[in-house]
Amino acid sequence: MVLSLYIHIGDGDFKVNQSHACIRYIARKKPELNLLGKTDQDMAIVDMLLCEYQDKKMKMTVLQYTDGLINKGYEYIHDQTENGDNMNSHLLLFSKYLGSNDYFVSNAITIIDFALYEYFQQCYDYSTKCEDPINYNEKYTNLSNFCIRIENLPNMKEYLNSEEFKKVSG
């Protein structure tokens, strides 16, 4: 199950596209939720994690569209080095950063949590479809538990069970 953040939104006559512009726009519309972070430091951490997320997601997306589950795609999934440019090291980075916290920034939900939820779901899905699948969902239980927390947020749970989500998730 993959939640796609590649969306466009409308606000009256004003249209916003590009996933990060959309989630930032939504977050700014509800400043009381502090989805961009509560403090300047939190906001900077959200920005840094979004950049890290973009780098890691781009690597996986390029492999998915160009190499599929063979050659470099297979190596990306199966390489278990901890300091490489592979799925294991990318998930390990986020796993260590999250630690035992519920969420990534000041233990409060921010936009990065939704982006990383989507990324982790794509990693799990991609890594289990190849020959000799690796269950990163089991390997990084704190990330798996994080995903469960996101899925159980009231509005998220409602959306994931909706007909609208079923249409876009295939």
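Surface composition of the chain: carbon plus sulfur atoms contribute 52% of the solvent-accessible area (1.4 Å probe, protein chains only, all chains present). Rolling a 1.4 angstrom probe over the protein heavy atoms with all chains in place gives the chain an accessible area of 57 Å² per residue. Here the 3J(HN,Hα) profile of the range 37-43, calculated from phi with Karplus coefficients 6.51, -1.76 and 1.60 at θ = phi - 60°, is x, 8, 10, 4, 5, 4, 4 Hz, Gly and Pro shown as x.
With the biggest extent put first, the Cα atoms of the range 21-129 measure 47, 28, 19 Å across the principal axes.
For the range 27-85, a simple Cβ point-charge model (Lys and Arg +1, Asp and Glu -1, everything else neutral) yields a dipole of about 400 debye relative to the Cα centre.
For the range 1-110, applying the loop criterion from DSSP together with a ceiling of 11 other beta carbons within 10 Å to the GluC sites (Glu not before Pro) yields Glu82.
Taking 17 Å as the straight-line reach from the Cα of Lys129, the lysines in range (excluding those fewer than 8 positions away in the same chain) are Lys72, Lys139. When only the Cβ of Lys, Arg, Asp and Glu is charged (+1, +1, -1, -1), the dipole of the range 74-170 relative to its Cα centre reaches about 280 debye. Peptide packing for 128-135, 162-169, 18-25 was compared via the average number of neighbouring C-beta atoms within 10 Å per residue; ordered from the highest value, the list is 18-25, 128-135, 162-169. Alpha-carbon geometry of the range 25-72: the Rg and the Dmax are 15.8, 47 Å, given in that order. The local environment of Lys30, defined by Cβ-Cβ distances under 13 Å, has a net charge of +1 under the rule Lys, Arg +1 and Asp, Glu -1. Remark: spin-label model distance Asn152-Asp85 equals 3.8 nm, labels positioned 7 Å along the Cα→Cβ axis. Starting from one equal scatterer on each C-alpha and no solvent at all, send me the Debye-based log10 I(q)/I(0) for the range 75-117 at q = 0.16, 0.23, 0.31 Å⁻¹, two decimals. For the range 75-117, the Cα-only Debye profile gives -0.47, -0.76, -0.99.
Extension gain for Val16 to Ser100 (0.36 nm times residue separation, less C-alpha to C-alpha distance): 26.7 nm. Taking all protein chains as shown and a probe of 1.4 angstrom, Met43 keeps an accessible surface of around 70 Å².
With K and R counted +1 and D and E -1, the other residues having a Cβ less than 14 Å from that of Asn101 yield a net charge of -1. What is the angle, in °, between the Cα long axis of helix 19-29 and the longest principal axis of the Cα atoms in the chain? Nearest 10 is fine, range 0 to 90. For 19-29 against the chain, the angle is about 30 degrees. Considering only Asp113, Asp47, Asp67, give the residue with the highest GNM mean-square fluctuation for the chain, with springs between Cα atoms whenever their separation is below 10 Å. Comparing Asp113, Asp47, Asp67 in the GNM, the peak value goes to Asp67. Taken as Cα centroids, the range 86-118 and the range 124-147 sit 14 Å apart, rounded to the nearest whole angstrom. Placing unit charges on the Cβ atoms of the charged side chains and taking the dipole of the chain about its Cα centre, the candidate lying farthest along the positive direction among Gly68, Ala115, Tyr140 is Ala115.
The values are calculated or read from the model by the stated rules, or taken from the named source; none is laboratory data. Please read these numbers as outputs of a predicted model, since none were measured by experiment. Neighbour counts are summed over all protein chains in view; Cβ atoms, including those assigned to glycine, are modelled from backbone coordinates with ideal geometry. Please note that ligands, DNA and RNA were not included when accessible areas were found on the heavy atoms of the full protein model with its side chains. Shrake-Rupley method; radii C 1.70, N 1.55, O 1.52, S 1.80 Å.
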